[in-house]
Amino acid sequence: MIYQQGIDTGIATFEVKAPDYGDWDLRFHKSCRLVATLNDQVIGWAALSPFSKRHVYRGVAEVTLYVSPLHQGKQVGFRLLSALIEASEDAGFWTLTAHIFPQNKVSLALHQKLGFRILGVHEKIAKRDGNWQDNTFLERRSSKIY
């Protein structure tokens, strides 16, 4: 599973085990779920999760993006994130956020290339495997939705 492969890197998420589909399904918006395939094999996926349950934040969502290690460096992440941005705007989202480990330089660069800006770093925001970890906080404001 691609999500578990990302978890195993230690720089993709605070999760330590991929959830079952039912739990995963509850975390993400029903719209804006994208899958990249090659020869009928899933090689990447992207989805949006709610930023908040409060109605005033209904147009704000957090990006999640994973690409199979075998297909990284082949523009899969770029295509998925580009398509996710477009789908999010079509669905009425005005702001996308991302929380990325500072050591995940490739993901940070990808998000910045597609218009995300760094707002700051949450220092020692959570522990993973007993070690404090920082998280870079980014956002992208839609230029289509005011």
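FYI, it's all coordinate maths here, none of it is from the lab. It should be emphasised that the depicted structure is a prediction, and the values quoted were computed from it without experimental measurement. So basically every Cβ, Gly included, is an ideal-geometry build from the backbone, and we count neighbours across all protein chains shown.
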GNM result for the chain, Cα springs below 10 Å: residue of Gly120, Gly44, Gly59 fluctuating most strongly: Gly120
Full-stretch length increase - Trp24, Asp8 - with 0.36 nm per residue and alpha-carbon distance subtracted: 4.0 nm
Cβ-derived FRET efficiency at R0 41 Å, Lys74 paired with Asp134, nearest 0.05: 0.90
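Please give the FRET efficiency for Val16 paired with Ser142, using the beta carbon to beta carbon distance and R0 = 25 Å, rounded to the nearest 0.05.
Here the calculated transfer efficiency is 0.15.
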Loop-located trypsin sites (Lys or Arg not before Pro) in segment 48-115, at most 15 other Cβ atoms within 10 Å (DSSP): Lys53, Arg54, Arg58, Lys74
Fluctuation leader among Ser49, Ser31, Ser88 - the chain, Gaussian network, Cα springs under 10 angstrom: Ser31
Over the chain, relative contact order from alpha-carbon pairs under 8 Å, at least 6 apart, %: 20
Principal axis dimensions, largest first and in whole angstrom, of the chain by Cα: 41, 40, 32
Spin-label proximity, Gln41 to segment 1-19 - amide N less than 15 Å from point 7 Å beyond Cα toward beta carbon: 1-3, 5
